[in-house]
1. Restricting attention to the stretch 103-121, report how many residues are without any contact (Cβ under 8 Å) to a residue 40 or more places away in the chain and closer than 23 Å to G202 by Cβ.
2. Give the residues of the stretch 122-146 that are in contact (Cβ under 8 Å) with a residue 12 or more places away in the chain, farther than 17 Å from S232 by Cα and under 22 Å from the mean Cα position of the chain (by Cα), sorted by residue number.
3. Check A68 against each of (1) free of Cβ contacts under 8 Å to residues at least 60 places away in the same chain; (2) assigned to a loop (DSSP other than H, G, I, E, B); (3) closer than 23 Å to D173 by Cβ and name the one condition it does not meet.
4. Being surrounded by fewer than 18 Cβ atoms within 10 Å (Cβ to Cβ) and modelled with pLDDT of 95 or more: is that true of A253 here?
5. Kindly indicate whether any position in the stretch 84-91 is outside the structural domain of V234 (by TED's automatic domain parsing) and among the hydrophobic types (A, V, I, L, M, F, W, C).
6. So, of the residues in the stretch 103-117 that are of a type in the set (A, V, I, L, M, F, W, C) and in a helix (DSSP H, G or I), which turns out to be surrounded by the fewest Cβ atoms within 10 Å (Cβ to Cβ)?
7. Among the residues of the stretch 115-149, write down those that are modelled with pLDDT of 90 or more and hydrophobic (A, V, I, L, M, F, W, C).
8. Go through the stretch 272-303 and count every residue that is assigned to a strand (DSSP E or B) and crowded, with 17+ Cβ neighbours inside 10 Å.
Amino acid sequence: MALVGAAIGAVSALGIRELVVRLLHRKDTASATGGAKPTEIVANGTSHSANAVPATTPSSSAASGSSAAADWQPARHVKAPHPGWKPGQPQPCPLPGADTFIEVDTKTTPPGDLYPLVISAAVPRPVAFISSVDSAGAVNLSPYSFFNAMGFNPPTVAIGLCHSPARLEGKKDTLHNIEQTGEFVVNIMSEWFVEAANHTCGDYPRGVDEMKLAGLTPLASTKVRPPRVAESAVHMECRLRTIHHVKNETTGAVTTSIAIGEVLAFHVSAAVAGRSPSGKLTVDPVALAPVARCGGVTYARCTELYEIGRPDGQGRYPGEAAGKKEGEGGKAGGAGQGQGQQGQGQGQKPPAAGASGG
């Protein structure tokens, strides 16, 4: 554990901000080695969470937006971190203590200790601001960051809905409503209304209209009953395809329900709409200013965007293959400069069947 303590001490002394700056501005080392063989540290039960893992939750002053936090800055396109990288060149983690790993056995660790680990490790996560209604038409609105797009043919989204022991049958209002009606709307959260959106995440009694409570504006949907959020610039009207219930192996109780929905209609505000090189509708990430979720009460921004091209079947990048047009399948590293509001990867074709994509 001495290695872990030294690593944590180095990070604390250096400061997260300076550490990130050094990481982004470090020189490429083509001759770098992969480093020493990683060391495994097994954390038994709960002891690892309090002593081995550094806290990442910001101070109360920074979290509340006081003068302790840096001033807000608009997003921009920048070059890729390592535009000179070549296939096969090592890219080891430069952080102190990087070759020391803390192993957490999820079967012996209490769920309460796993939650902060999961939400701080799987980051950043997009946030689905979900509006739903029950069978009587009562509106519910709440943000969920266990969410992502799962495919495009048909457009499909998945939402992880954790159960709460304090609720009837463990079901929160969103899950209760989706099971009753089979419909919901995913509204994408943007920075200009993040405080109002965050206000809806309180553990309010069933029947409370969080949209009204937060001062947000309902907008009638065209395919489903739940309303959209007018302040959001992108809406996805969804119909439930299936729900997969995940059980705790020890107790047999359902702890998470994963709802898979098909997007019946998109609504994209003209203020954030863009076009791909071939003229297809896209969403400009700079204009959208989407909000992402990290650990604790921390949200993240898309402040600096860069593009890295996708290699072909021979490992060649755009501009390297004879006769291949520049920009097919993505642009070379750093091509995000001067792209205006086209966004990242908008010239790319969908992946072929069986290929990884997304």
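1. Qualifying residue count for the region: 3.
2. V123, P124, R125, F146 - these are the residues of the stretch 122-146 that are in contact (Cβ under 8 Å) with a residue 12 or more places away in the chain, farther than 17 Å from S232 by Cα and under 22 Å from the mean Cα position of the chain (by Cα).
3. (3)
4. no
5. First pass over the stretch 84-91, keeping only residues outside the structural domain of V234 (by TED's automatic domain parsing): 84-91.
If we keep only those that are among the hydrophobic types (A, V, I, L, M, F, W, C) as well, we get 85.
Yes, the stretch 84-91 has at least one match.
6. If we take residues in the stretch 103-117 being of a type in the set (A, V, I, L, M, F, W, C) and in a helix (DSSP H, G or I), then L114 is surrounded by the fewest Cβ atoms within 10 Å (Cβ to Cβ).
7. Selection gives V127, A128, F129, I130, V133, A136, A138, V139, L141, F147, A149.
8. 7
The values are calculated or read from the model by the stated rules, or taken from the named source; none is laboratory data. Just so it is clear, the model here is predicted, and its values are computed rather than measured. Using ideal geometry, Cβ is built from the backbone for each residue, glycine included, and neighbour counts are taken over all protein chains shown.
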